[in-house]
Structures are given as C-alpha cells and as structure tokens.
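Just below is one structure, and these are the notes that go with it.
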Amino acid sequence: MKPRASSRGRLSRSAEFERVYRQGRSTANRHLVLYAFPNATTERPRLGLSVSRKVGGAVERNRVKRLLREAFARNEEGLRAGQDLVVVARPSAAELVERDGLQGIDEALSELIAKAGIREGSEGEAEQPDGAEQLDEEGRA
C-alpha cells in the first residue's frame, strides 16, 4: 500500500506519530519537546502537534496549536527536507502564549530546531542553549 501524501505538510495518522516518538530523537526546553525523525519519502518537513488537556481548556489548546503551526511555518524554509517532526506542548506553553504570544513560541521552537541540528546545512546537534535538555527515548532528561 502506497503511503498517503499529506498536502498540508502535517502528520495525521497515529502510526506516523508512533514512529517519530519511538525512533526519532527528542530535544526539550521548558515549554516544548521536539521529536525529529528523518523521512526520505517526503520532500518537505511535516509537523505533528500534541497538546494535552494539561495545557488548558479547548480554547487555550487551540491557540497554542495555532501559534505552533505559525511558528513552524516561519521556520520551515530553513529546515532540512524529509523530516517528520512532532512538537509536544508542556503545560507551561499556555503561560508562554499568554505572556509572549507568537514571538515566545517562535523563540522556543527555533531554539529546539537549532539544538536538534535539523536546519539546512547543520551537521548534527548544535550547542545546547540555556534551559534546553536532551531527552532519551522514554522522554526522561
């Protein structure tokens, strides 16, 4: 069976999320966790979002997701092709959105992208910025 191509550059099936969680590398800061897994079958990076009820009610979660998608769109051009990314919002992400809005989310996501070394032309992991931590496959620091 041929994999279905996503026209909007998003991960949508639970199997795609599972593959990124289990086989990908994770990087985290205080507000977000980024899982990255190379996928040679896609020509552009694809994004999956996970925003749990711990972040807030439906309105808060949808606002966080909307701003994460916008921050990803701002960073997408500089990313390596063929990456599947899952961004998990921690409960403090709602506070970040309330305090700093799109700029705060964009800075947090850009920090993780740089740390994960998935920008075009980067060789691997970049130097760890303050407050960022490397997680193992279980999500532990």
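The values are calculated or read from the model by the stated rules, or taken from the named source; none is laboratory data. As the structure is a computational prediction, the values presented were derived from the model and not from experiment. Don't worry about glycine lacking a Cβ; one is built from the backbone with ideal geometry, like all the others, and counts go over all protein chains shown.
Check off (1) in contact (Cβ under 8 Å) with a residue 40 or more places away in the chain; (2) surrounded by 14 or more Cβ atoms within 10 Å (Cβ to Cβ); (3) not charged (D, E, K, R) for Thr41 and give me the number that stays unchecked.
Unmet condition: (2).
Do we have any residue at all in segment 1-22 that's touching a residue at least 24 places away in the same chain (Cβ under 8 Å), assigned to a strand (DSSP E or B) and surrounded by 18 or more Cβ atoms within 10 Å (Cβ to Cβ)? Walk me through it before giving the result.
Filtering segment 1-22 for residues touching a residue at least 24 places away in the same chain (Cβ under 8 Å) gives 3, 5-6, 9-12, 16-17, 19-22.
Next cut, assigned to a strand (DSSP E or B) only: 10.
Now drop any that are not surrounded by 18 or more Cβ atoms within 10 Å (Cβ to Cβ), which leaves none.
No: zero hits.
Test Arg74 against the stated conditions and say whether it is over 19 Å from Arg22 (Cα atoms), outside any strand (DSSP E or B) and at pLDDT below 95.
Criteria met by Arg74.
Could you list, in sequence order, all residues of segment 18-30 that are within 20 Å of Glu70 (Cα to Cα) and not polar (S, T, N, Q)?
Ala28, Arg30 - these are the residues of segment 18-30 that are within 20 Å of Glu70 (Cα to Cα) and not polar (S, T, N, Q).
From the list Ala89, Ala73, pick out the single residue that is under 18 Å from Ala114 (Cα atoms) and touching a helix residue (DSSP H, G or I) at 6+ places or on another chain (Cβ under 9 Å).
Ala89
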